[in-house]
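Step one of this worksheet: look at the structure below.
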Amino acid sequence: MRIAILGAVGNAGRLLAQQLAPELDDRAELLLVGRRDAPLAALCEQINHQAGRTLAHTACADLSDLPRMHAVLAGTQLVVVTAALGEHTAPLAALVLEIGADWLDIMLSTPAKWQALTALAPAMTQQGRCFITDGGFHPGLPAAMARWAANRMDTLTQAEIYAALRIDWQAGSLSDATLAEALDEFTAFDMHIWAQGRRRRLNLFALPRFTFAVPIGQKACTPMPLGEMQALIAAIPTLQRANFYIAGFSPLCDWLLLPAIVMLTRCGARTLALRTLRHMLTHYASSPPPHQLEITLMAEGRVAKDNVSMTLSLSGSDPYLMTVLPTIACIRQWLSDPPFPPGLHHQAMIVEPERFFDDLHHTTLTLSSRVTSLTE
């Protein structure tokens, strides 16, 4: 059984390979795919040394070179995409289908990506292949947290998830493709939320404030549209409120620079928008130590005759670990029986949430939960 990691020497890809390798048994093979021979070879040597066997192999290939990618990926059972693909998403996904492999990506949740994969969804089901998208942290965790609460309640009526990132964005290490993906996500900004059982527009000057743990503290949070949250609402019709919110960068970034970047994009000045975005992340968005990321669910519903609230929080100090460890928890379930059903799925909607968060509890991330009765 072979698992291929595309973009294996990127920030997330390298860490995923290092963290996934100890999970694999003697029958497994890890294929590291990237564009640079020397970093691939160094990573491969490190993994094999730690494994005490030849677990990892390398293949140098450009993701846009489809004939080369076909030769490299032939015989693979799972392709994990950690690199931003942009316009290459559709042809590469079709290639993965053609070779008979499953798919898991940790790309940002952009309309272009979802449109490309949705077009192939009937073929995925017909050919018995499982494609998992929106893996990682956000997307990847919010709807899974809500499903965790739903399993503990008779009726789930509210699932509000808040996230904040106090990090060094290391903008100089971000690839142009990753920045382009982030720009697409910002451009898809939408102020609508799910409240009182319907879609409503949120006033920009009435953003909810949430108090995160130290060192983040209280922050104004902006709604962020995620496909998994739409899927969650469709799956749990009792939900009256269900939204994902994220804290912004800083007042300067949120109220001046980001709107200007989005305007430049919509006016056709995409190259200038990308340069401005990199400059913003480098000079104005990063936070000094200590660094922290947090995502917290605030859920309400009923258990028997009692009204209850539930919270579930996950936090860590490394943004790449916060992305990679949930992805590995998903891969663990992909490896086990029964297999995931064929078709196109969000990570947050296909994992079994109890096992998923139990796995995360046994990592370097901090997981906590609380149940409170609201019935007098």
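Before moving on, here are some points about what is shown:
- Filtering the stretch 192-206 to residues that are touching a residue at least 12 places away in the same chain (Cβ under 8 Å) and under 24 Å from residue 156 (Cβ atoms) leaves 192, 193, 194, 195, 196, 197, 202.
- Filter result (at pLDDT 95 or above and more than 20 Å from residue 167 (Cα to Cα)) within the stretch 273-302: 297, 298, 299, 300, 301, 302
- Tally of residues being closer than 30 Å to residue 146 by Cβ and basic (Lys, Arg) across the stretch 232-276: 1
- Within the stretch 357-372, residues that are in a helix (DSSP H, G or I) have Cβ atoms under 7 Å from residues that are hydroxyl-bearing (Ser, Thr, Tyr) and exposed (fewer than 12 other Cβ atoms within 10 Å of the Cβ) in no pair, counting only partners at least 6 apart in sequence or on another chain.
- Tallying residues that are over 20 Å from residue 136 (Cα atoms), out of contact with any Gly (no Cβ under 6 Å at 6 or more places or on another chain) and assigned to a helix (DSSP H, G or I) within the stretch 1-43 yields 6.
- Residue within the stretch 65-78 that is at pLDDT 95 or above, assigned to a strand (DSSP E or B), touching a Ser or Thr at 6+ places or on another chain (Cβ under 8 Å) and among the aliphatic types (A, V, I, L, M) present: no
- Residues satisfying the stated conditions in the stretch 226-235, i.e. surrounded by fewer than 20 Cβ atoms within 10 Å (Cβ to Cβ) and either more than 18 Å from residue 348 (Cα to Cα) or not hydrophobic (A, V, I, L, M, F, W, C) (or both): 230
- Against the test of being among the aliphatic types (A, V, I, L, M), under 26 Å from the mean Cα position of the chain (by Cα) and farther than 22 Å from residue 335 by Cα, the options 42, 56, 61 yield a single qualifying residue, 61.
- Count - residues of the stretch 202-225 that are surrounded by fewer than 14 Cβ atoms within 10 Å (Cβ to Cβ) and of a type in the set (Val, Ile, Thr): 2
- Selection within the stretch 5-39: residues that are under 24 Å from the mean Cα position of the chain (by Cα) and among the small types (Gly, Ala, Ser). The member of this set that is farthest from residue 107 (Cα to Cα) is 21.
- Residue satisfying all of: in the stretch 111-130; part of a loop (DSSP other than H, G, I, E, B) and not small (Gly, Ala, Ser); surrounded by the most Cβ atoms within 10 Å (Cβ to Cβ) among these: 129
- Criterion: surrounded by fewer than 19 Cβ atoms within 10 Å (Cβ to Cβ) and touching a residue at least 24 places away in the same chain (Cβ under 8 Å) - qualifying residue of 134, 154: 154
- Selected residue (only one of 93, 84, 177 is surrounded by fewer than 22 Cβ atoms within 10 Å (Cβ to Cβ) and aliphatic (A, V, I, L, M)): 177
- Strands (runs of 3 or more DSSP E) (entirely within the stretch 292-348) containing at least 3 residues that are hydroxyl-bearing (Ser, Thr, Tyr) and in contact (Cβ under 8 Å) with a residue 24 or more places away in the chain: 306-316
Table: residues versus (1) free of Cβ contacts under 8 Å to residues at least 40 places away in the same chain; (2) more than 30 Å from residue 122 (Cβ to Cβ).
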position	(1), (2)
9	yes, yes
15	no, yes
49	yes, yes
66	yes, no
78	no, no
88	yes, no
98	yes, no
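The values are calculated or read from the model by the stated rules, or taken from the named source; none is laboratory data. Just so it is clear, the model here is predicted, and its values are computed rather than measured. FYI the Cβ positions are ideal-geometry reconstructions off the backbone, even for glycines, and counts take in every protein chain you see.
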